[in-house]
1. Would you confirm whether or not the range 161-174 contains a residue that is within 22 Å of the chain's Cα centre (by Cα), under 30 Å from GLY21 (Cβ atoms) and open to solvent by less than 60 Å² (accessible area, probe 1.4 Å)?
2. Being surrounded by 17 or more Cβ atoms within 10 Å (Cβ to Cβ) and under 21 Å from the mean Cα position of the chain (by Cα) is the requirement here; does THR88 meet it?
3. Scan LEU369, LEU306, LEU357 and give me the residue that is farther than 30 Å from VAL58 by Cα and touching an Asp or Glu at 6+ places or on another chain (Cβ under 8 Å).
4. Consider SER29 against the criteria (1) among the hydroxyl-bearing types (Ser, Thr, Tyr); (2) open to solvent by less than 70 Å² (accessible area, probe 1.4 Å); (3) without any contact (Cβ under 8 Å) to a residue 24 or more places away in the chain: it satisfies all of them except one. Which criterion is unmet?
5. Identify, please: which residue in the range 374-388 is of a type outside the set (A, V, I, L, M) and farther than 10 Å from ALA261 by Cβ and is, among those, surrounded by the most Cβ atoms within 10 Å (Cβ to Cβ)?
6. Any idea which residue in the range 327-342 is most open to solvent (accessible area, probe 1.4 Å), counting only those that are in contact with a helix residue (DSSP H, G or I) (Cβ under 8 Å, 6 or more places away or on another chain) and farther than 18 Å from LEU142 by Cα?
7. Name the one entry in ILE47, ILE54, ILE132, ILE95 that is open to solvent by 80 Å² or more (accessible area, probe 1.4 Å) and at pLDDT 90 or above.
8. Which of (1) near the ligand (Cβ under 9 Å from one of its atoms); (2) buried (at least 23 other Cβ atoms within 10 Å of the Cβ); (3) modelled with pLDDT under 90 does THR354 not meet, given it meets every other one?
Amino acid sequence: MKKIELHWQILIALVLSIAYGLLLPEYISWVSWMGTIFLNALKMVIIPLILSSIISGVANIGGAEDFGRLGLKTLGYYILTSLLAIVTGLFFVNIIHPGVGVHLGTPEAVHGLNQASKSFGDTLLNIVPANIFKAFTKGNMLGIITFSMFFGFFITQTTKKYQIILTDFFNAFFEVMMKITSFIIKFAPLGIFGLVAKVVAEQTAKGNLGEAASSLGLYMLTVILALSFHAFITLPSLLKFIGKANPFKHGKAMATALLTAFSTSSSSATLPLTMEAVEKNDGVSNKITSFVLPLGATVNMDGTALYELVAAMFIAQAYGLDVPIVQQFLMVFAALLASIGAAGIPMAGLVMMTVVLSVIGLPLEAVGLILAVDRILDMMRTTVNVWSDSTCAVIIAKSEGEKLKV
Ligand code: ASP
């Protein structure tokens, strides 16, 4: 019998999990453990994977000149796509005006809100971690990335003997991490079944979805339309015209990773799958994926950036605030910063919105007004975040003259 491809298995699991969550919510603990173990397994590999991939990637890039060129290109592309996404959101929110005349009631309390607004500056300072072991245990991805880049780069500055030993060691370490990843990915359909069934059961138990849909429906529609425009038009156009790659083939190559991003709402947890897909299915070299993708999962969040702006504008509209164009312009940059500062974990974008709200002087608690529909929007924006990282890897690889399968 022909084996069903993994992304089909995941799609079947998604459909079944929705049915299970709706029909058997009281038996959710029978299946939710599969989701927890799957997510734990992904989290288990993320830090050693980022560490080994960036060190081996940067060491293999070679000299300072190549590293500088690749770094600038990658960051430039990330900022460009995030800004394009934000402008798309701005366009849709100004045309649809989802918040005008909406009565939102009292905001629900959002956990970690004050902390997020206070710690935003710290997030930026933590790019250089004072204690690397603390960065590991606290999951400070930016800090780990900085350390790994330094380590990888300075490997290339040591004597030939050490260069060979260390590069070989980290190449081997990275290969083992990728092998563990491939093994974990085999369990994706089961893990996703457990994760999604739990989300469906929880949302149904809250029972406020129908009510929320009436006041937040147009807001959701605006976010979804803008995200779709970015995912189906802007990014594929960049792939086709700048990267000279086939967006359909690349979409197929990414299917499993994208479905996982959707199900986990976490670009960090999806990173192992993104790396495997871009390397194995697209044929991008290890040198590029191992540098571009971990960085992307941490700082490049087009979906989140777009959402930050639409959500903040929606709240402003609901408060009856007329945001002048200059302030909207400032909000664009605040949304960019918030998306860079947001971690690749569920709901990070929601709490980071305090950064954008403070630009227009709205109370931070206002974030609680859109909490009811955040989970579903989180699933969608995370998928767009991962999609954007992967298109970047393909475009950079092509620009470096690599021959790809897409
Ligand atoms: N969940 C998103 C991600 O991991 C971040 C966000 O909440 O927007 O990419």
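The values are calculated or read from the model by the stated rules, or taken from the named source; none is laboratory data. Just so it is clear, the model here is predicted, and its values are computed rather than measured. Here the Cβ positions follow ideal geometry from the backbone for every residue, glycine too, while neighbour counts run over all protein chains shown. Surface areas here come from the heavy atoms of the whole protein model, side chains and all, with no ligands, DNA or RNA. Shrake-Rupley method; radii C 1.70, N 1.55, O 1.52, S 1.80 Å.
1. No: the range 161-174 contains no residue that is within 22 Å of the chain's Cα centre (by Cα), under 30 Å from GLY21 (Cβ atoms) and open to solvent by less than 60 Å² (accessible area, probe 1.4 Å).
2. Taking the combined requirement at face value, the residue satisfies it.
3. Sole residue among the options that is farther than 30 Å from VAL58 by Cα and touching an Asp or Glu at 6+ places or on another chain (Cβ under 8 Å): LEU369.
4. It is condition (2) that SER29 fails.
5. SER388
6. LEU330
7. One residue alone meets the criteria, ILE95.
8. (1)
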